[in-house]
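> To start, I am sharing the structure in question, which I have written as structure tokens.
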Amino acid sequence: MKASRSLVILLSIAVCVALPPFLPRHFVDLLVFAGIYTVAGLGVGLLLGQCGIANLGQIVFYAIGAYATAYLTVYVQAPAMVGFVVGMLISAALALTIGWPILRLTGYFLALATLAMGIVANALFFEWDWLTGGTLGIGGIPKLQIFSFVLDTPLRFYYLVLGVVAICLLLAHNLIRSRTGLALRAMRDSQDAAISLAVNPRALRTRIFILSALLGSVAGSLFAHYGGFANVQSFGIEKSINFLLIPVLGGATSLIGVVVGALFIAVVPELLSQFGGLHQILFGVALIGVVVLMPAGLTGALAEVWRRSAEGARP
Amino acid sequence: MLAIKELTAGYGQLRVLHGVSMHVGKGEAVAIVGANGAGKTTLVNAVCGLGPVTQGRVIKDDVDLTSDAAHRRGRHGIAVVLENRRLFGEMTVQENLRLAEEHGRAYRSANLQFTWQRICELFPLIAERRRTRIELLSGGQQQMVAIARALLLQPDLLILDEPSTGLAPKIVKEILHVLRGLRSEGMGILLIEQNVGVAVEITDRAYVMALGRIVHEAAGTEWQTFLNDERLAAAYLGKASAGI
């Protein structure tokens with residue numbers, strides 16, 4: 001079982017590396033977005049899967065990353081790395097300031113608090129046009145370049161995003177296996193027992209909230225460089241809902257689930273767009289179908305099929 | 001060592017504890033007995049910081065812990081075995097013990113009373129089944145893991161909430177044997193029990209709780225013969241518990 005799992009992971013990596021050059025440019029473009037969404041969705045997924053927190057405010061940190069990159073690279077002409085780092089610093093500071101008071105809430109109340117955070121932030125992005133450019137946004141964000149190699153095609157950018165996704169997944173994997181991950185599991189299993197063993201639930205949840213914000217910010221900076229612009233329409237509440245859908249669809253406790261969920265969110269609406277005006281309804285139906293029929297998400301359902309076929313194969 | 005003064009606690013409008021005062025001396029073993037619904041578990045939760053306290057104080061070694069967060073109380077030498085054990089069911093025995101072991105080591109870096117080796121001597125099953133998932137252990141084995149987990153926090157006061165519930169008499173005997181050993185080494189014990197027959201075996205003194213109050217304190221011979229006094233037992237514990 002373990003060997004076959006490693007084989008599947010290796011094969012997937014090989015496909016992710018080797019296939020895109022043979023795909024149409026338009027499709028590679030979707031894969032880039034799937035990668036960016038994976039990074040942002042991974043944060044939401046860690047909160048949902050490890051802490052049981054539904055975060056409807058990830059767009060705030062995504063936007064902060066995008067605006068930090070846009071403002072600093074366009075108006076200050078700072079190197080791209082500065083945009084990434086400043087975005088992450090602001091996001092972490094904000095996540096700490098907002099997270100500490102709201103993470104004493106649980107369940108629906110906490111979800112609503114994060115939703116409120118997203119709505120307030122969206123209004124501020126709109127109002128603070130001296131900083132964000134308001135509805136016009138900030139355009140002309142330079143392409144990323146690594147030394148003299150400019151990432152100016154979807155394919156080139158794709159490989160950068162692939163690398164970032166791989167690093168983030170690896171870090172998340174290590175986190176789950178660390179002492180912090182153990183404390184998170186303990187908290188999920190029996191919060192009172194975990195507390196009596198000196199686990200501080202609020203501090204732990206705040207740490208994951210900050211980590212999630214950092215991932216959102218990195219994704220936002222990547223988005224800004226890839227699209228070349230950042231404006232308030234890209235940072236609406238529906239995007240936050242999409243980010244939450246990523247782990248819900250893919251499977252909240254599985255890291256691969258986040259990748260699958262992000263692919264779903266990025267690719268399925270495009271595939272359905274050929275049906276014209278109907279496509280949004282069809283997307284809604286697809287969402288409901290996955291949530292109702294696969295309560296453990298797409299990867300959960302796949303794992304179940306795998307388990308059954310393995311059992312069936314045994315004499 | 002532990003002093004509880006005029007403690008009032010409850011949930012929302014409902015008051016469960018009405019001014020409870022009690023104490024556990026250094027190295028002393030004290031029982032709290034009482035029928036279901038007497039407020040025993042609410043008292044444990046209040047001492048551990050897991051439940052709300054509206055009035056009164058919890059003091060350990062002259063330090064007022066009343067407003068200290070629950071996760072910080074282990075530092076003051078308090079460890080608890082919660083009702084129904086509350087082990088982490090999906091984890092292995094070893095994983096269950098790891099958090100306690102690491103935090104306990106952080107509290108008492110200099111002299112660890114309960115090393116991994118010592119724990120395995122107390123409970124040989126832990127060494128044998130360290131990689132087994134908790135769900136696959138029997139109730140008695142689980143209780144031993146729960147006690148081991150509390151001990152790894154290196155406490156000097158061990159609180160146990162109904163440790164004998166649902167266990168076979170033979171297992172209860174084994175657990176009592178371990179607790180007796182701990183006691184003789186100076187560990188303070190606060191045992192919450194419905195089963196007076198079990199509590200009498202290892203404690204020197206007891207508080208009887210009813211309807212959120214301490215209604216009686218029994219020590220010495222009175223406590224040792226508590227069950228023989230039908231009037232007392234029936235009055236405070238109900239007929240069912242009295243007839244064990």
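The values are calculated or read from the model by the stated rules, or taken from the named source; none is laboratory data. Because the structure is predicted, anything quoted here is derived from the model rather than measured. Here Cβ is always computed from backbone atoms with ideal geometry, including for glycine, and neighbour counts include all displayed protein chains.
> Which residue is farthest from the other protein chains (Cβ to nearest Cβ), if the candidates are limited to the range B:141-169 and must be surrounded by fewer than 18 Cβ atoms within 10 Å (Cβ to Cβ) and touching a helix residue (DSSP H, G or I) at 6+ places or on another chain (Cβ under 8 Å)?
If we take residues in the range B:141-169 being surrounded by fewer than 18 Cβ atoms within 10 Å (Cβ to Cβ) and touching a helix residue (DSSP H, G or I) at 6+ places or on another chain (Cβ under 8 Å), then B:Ala168 is farthest from the other protein chains (Cβ to nearest Cβ).
> Further question on the same structure: Looking at the structure I just gave you, is B:Gly181 surrounded by fewer than 22 Cβ atoms within 10 Å (Cβ to Cβ) and on the phi > 0 side of the Ramachandran plot?
No; evaluated as a whole, the condition is false for this residue.
> Could you please let me know if B:Lys40 is closer than 30 Å to B:Ala234 by Cβ, at pLDDT 90 or above and surrounded by 15 or more Cβ atoms within 10 Å (Cβ to Cβ)?
It is true that B:Lys40 is closer than 30 Å to B:Ala234 by Cβ, at pLDDT 90 or above and surrounded by 15 or more Cβ atoms within 10 Å (Cβ to Cβ).
> I would also like to ask the following. Out of the helices (runs of 4 or more DSSP H) lying entirely within the range A:1-118, which hold 2 or more residues that are surrounded by fewer than 13 Cβ atoms within 10 Å (Cβ to Cβ)?
Ranges flagged: A:2-18, A:25-51, A:80-102.
> Output the residues belonging to the range B:49-66 that are within 14 Å of chain A (Cβ to nearest Cβ) and either farther than 17 Å from B:Arg15 by Cα or surrounded by 15 or more Cβ atoms within 10 Å (Cβ to Cβ) (or both).
Listed by number, the residues that qualify are B:Gly49, B:Leu50, B:Gly51, B:Leu65.
> Being within 14 Å of another protein chain (Cβ to nearest Cβ) and either assigned to a loop (DSSP other than H, G, I, E, B) or touching a residue at least 12 places away in the same chain (Cβ under 8 Å) (or both): is that true of A:Ile176 here?
For A:Ile176, the condition - within 14 Å of another protein chain (Cβ to nearest Cβ) and either assigned to a loop (DSSP other than H, G, I, E, B) or touching a residue at least 12 places away in the same chain (Cβ under 8 Å) (or both) - is met.
> Applying the selection to the range A:121-144, what residues are surrounded by 13 or more Cβ atoms within 10 Å (Cβ to Cβ) and without any contact (Cβ under 8 Å) to a residue 60 or more places away in the chain?
A:Leu124, A:Trp128, A:Asp129
> With respect to the numbered conditions (1) among the hydrophobic types (A, V, I, L, M, F, W, C); (2) surrounded by 19 or more Cβ atoms within 10 Å (Cβ to Cβ); (3) within 14 Å of chain A (Cβ to nearest Cβ), which one is the sole condition not fulfilled by B:Ala69?
Status for B:Ala69: all satisfied but (2).
> Looking only at residues that are free of Cβ contacts under 8 Å to residues at least 60 places away in the same chain and touching a Ser or Thr at 6+ places or on another chain (Cβ under 7 Å) in the range B:72-110, which one is farthest from the other protein chains (Cβ to nearest Cβ)?
Within the range B:72-110, the match that is farthest from the other protein chains (Cβ to nearest Cβ) is B:Val93.
> Right, next: Scan the range A:222-234 and give yes if some residue there is modelled with pLDDT under 95, under 17 Å from A:Gly41 (Cα atoms) and out of contact with any Cys (no Cβ under 6 Å at 6 or more places or on another chain), otherwise no.
Taking every residue of the range A:222-234 in turn, at least one turns out to be modelled with pLDDT under 95, under 17 Å from A:Gly41 (Cα atoms) and out of contact with any Cys (no Cβ under 6 Å at 6 or more places or on another chain).
> Restricting attention to helices (runs of 4 or more DSSP H) lying wholly within the range A:190-298, give those where 3 or more residues are away from every other protein chain (no Cβ under 14 Å) and surrounded by fewer than 24 Cβ atoms within 10 Å (Cβ to Cβ).
Fully inside the range A:190-298 and qualifying: A:201-227, A:237-250, A:255-272, A:279-293.
> List the residue pairs whose Cβ atoms are under 8 Å apart, where the first residue sits in the range A:94-105 and is under 13 Å from A:Ile208 (Cα atoms), the second is aromatic (Phe, Trp, Tyr) and part of a helix (DSSP H, G or I), and the two are 6 or more positions apart or on different chains.
A:Ala95/A:Phe61; A:Ala95/A:Phe209; A:Gly99/A:Phe209; A:Leu103/A:Phe209
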